[in-house]
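Worksheet: the structure to be examined is printed underneath.
The values are calculated or read from the model by the stated rules, or taken from the named source; none is laboratory data. Treat the numbers as computed from the prediction; the structure is a model and nothing was measured. Here the Cβ positions follow ideal geometry from the backbone for every residue, glycine too, while neighbour counts run over all protein chains shown. Side chains included, ligands, DNA and RNA excluded: accessible areas come from the protein's heavy atoms. Shrake-Rupley method; radii C 1.70, N 1.55, O 1.52, S 1.80 Å.
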Amino acid sequence: MKIAIMTTGGDCSGLNSCIRNLVVMGLRRGFEMLGILDGTDGLTRPGAPHFAKFDYNTLPVENMRLAGSFLQNGHSHAMNFQTAAKAGDVKTFNARLKKSLAEMKLDALVIVGGNGTLSIVGQSHALYGNIQVIGIPKTIDADIPLTDRTIGFETAVQQLTAFCDQLLLTARSHHRWFAVQSMGRDVGALALHAGVAVAADAILIPEIKFKPENLVKHIQKIQKDQGRDYGIIMVSEGIKLRGHSGRPADMISRELDKAGIPNRTAFPEHTQRAGDTVARDRILAARFADAALDAIENKETYVMTRLRNGVVDTVSIADMFKSGEITPDPNIPDTFVSNEFVSDDDPLLFAAAARGAYIGELK
Ligand code: F6P
């Protein structure tokens with residue numbers, strides 16, 4: 001069996017754990033293990049296909065905890081699904097991709113990707129011919145339907161939590177509030193989890209409408225009732241506020257300024273995708289790698305590994321796609337992406353509210 005691994009889309013911590021687990025367990029099963037370099041870029045740029053051949057030591061055990069992808073995820077200017085669509089080069093892109101894959105004579109391709117990549121894979125079977133295609137969900141956004149966890153999420157929550165822990169100390173010294181802007185695209189899961197972990201006094205996520213005047217009243221009430229004049233206001237990057245433009249944390253900061261509440265903004269940015277992979281993500285990566293290899297041996301194709309109620313198994317990518325909220329891909333014309341959002345009955349919303357956090361106008 002000849003199996004290739006490819007990492008695509010935005011990186012996150014846990015990719016190296018996933019790659020090494022696939023490689024070592026694949027080699028132990030007697031498979032030939034290859035890694036495509038730079039995502040689809042490595043299959044389509046001149047001289048393609050670009051790939052590495054793995055042995056047991058190519059990705060050393062001590063490096064599997066490191067963030068980033070050993071295989072890299074591709075240059076932003078290179079040809080990929082997004083840039084090719086924008087430039088009207090989809091035909092060339094598809095032809096190159098198909099040619100490279102055929103040249104590699106693969107039996108299976110394991111794509112470690114986000115909801116964008118996996119949604120596209122489900123819509124482009126023709127590209128892969130007889131190659132078995134197995135998806136492994138990774139993203140800090142936790143926006144992939146039908147899985148309770150994605151590789152990278154737990155580490156991102158830890159990174160954001162640690163970032164806020166540090167801010168709280170300086171916040172207290174200066175009697176000020178911090179509006180911290182988390183990543184997550186249109187999904188508030190990362191903000192919600194870290195918000196509960198740091199006992200944020202407000203958690204604003206795109207899924208729940210909020211009123212800036214109620215946020216301000218809430219902070220003023222904490223100052224008056226508890227005598228505390230510092231804390232964290234967690235602002236998910238996907239929130240919108242009518243009449244405002246610019247970065248979401250800046251919008252919130254302006255509202256606090258208007259009410260005379262001393263504050264600063266803080267942007268952890270891509271540190272949420274970095275940091276040593278936490279144990280939970282490494283364990284998930286190990287379990288997903290085993291499930292992906294089992295799926296290959298069981299002759300499955302167009303399936304994705306997933307964790308559901310503590311059990312790891314596979315689900316068809318078509319089912320994953322159907323069960324989310326399907327929207328046009330914001331970056332690729334004529335392409336759709338399936339999204340999972342924080343639901344109204346998420347227990348963490350109630351945990352946050354019970355601790356006195358303002359989580360918006362949840363009915
Ligand atoms: O999807 C992962 C993610 O980190 C989002 O949370 C964020 O909005 C985006 O990618 C950032 O992308 P880029 O790496 O292009 O800045």
| query | Would region 164-180 turn up any residue that is part of a strand (DSSP E or B), within 15 Å of the ligand (Cβ to nearest atom), aliphatic (A, V, I, L, M) and open to solvent by less than 50 Å² (accessible area, probe 1.4 Å)? | reply | yes
| remark: Per the filter on region 74-116, residues within 16 Å of the ligand (Cβ to nearest atom) and at positive phi are Gly74
| query | In region 140-154, is there at least one residue being open to solvent by less than 10 Å² (accessible area, probe 1.4 Å) and assigned to a strand (DSSP E or B)? | reply | yes
| task | Count, please, the residues in region 31-50 that happen to be open to solvent by 10 Å² or more (accessible area, probe 1.4 Å), more than 26 Å from Gly275 (Cα to Cα) and under 27 Å from the mean Cα position of the chain (by Cα). | result | 3
| message | Just checking: which of the strands (runs of 3 or more DSSP E) contained wholly in region 282-363 hold 1 or more residues that are touching a Lys or Arg at 6+ places or on another chain (Cβ under 8 Å)? | response | 303-308, 311-316, 336-339
| said: Quick check on region 61-77. Is at least one of its residues acidic (Asp, Glu) and open to solvent by 60 Å² or more (accessible area, probe 1.4 Å)? | reply: yes
| said: Being more than 16 Å from the ligand (Cβ to nearest atom) and under 18 Å from the mean Cα position of the chain (by Cα) narrows it down to one residue among Arg65, Arg20, Arg28; which is it? | reply: Arg65
| said: Restricting to region 181-198, count the residues that are free of Cβ contacts under 8 Å to residues at least 60 places away in the same chain, within 16 Å of the ligand (Cβ to nearest atom) and open to solvent by 10 Å² or more (accessible area, probe 1.4 Å). | reply: 1
| said: Quick check on region 275-291. Is at least one of its residues open to solvent by 30 Å² or more (accessible area, probe 1.4 Å), touching a residue at least 24 places away in the same chain (Cβ under 8 Å), within 16 Å of the ligand (Cβ to nearest atom) and not aromatic (Phe, Trp, Tyr)? | reply: no
| task | Please enumerate the residues belonging to region 331-346 that are touching a strand residue (DSSP E or B) at 6+ places or on another chain (Cβ under 8 Å) and either under 29 Å from Ile203 (Cβ atoms) or of a type in the set (S, T, N, Q) (or both). | result | Thr335, Val337, Ser338, Asn339, Glu340, Phe341
| field | Criterion violated by Val110 - all others in (1) in contact (Cβ under 8 Å) with a residue 24 or more places away in the chain; (2) in a helix (DSSP H, G or I) satisfied | value | (2)
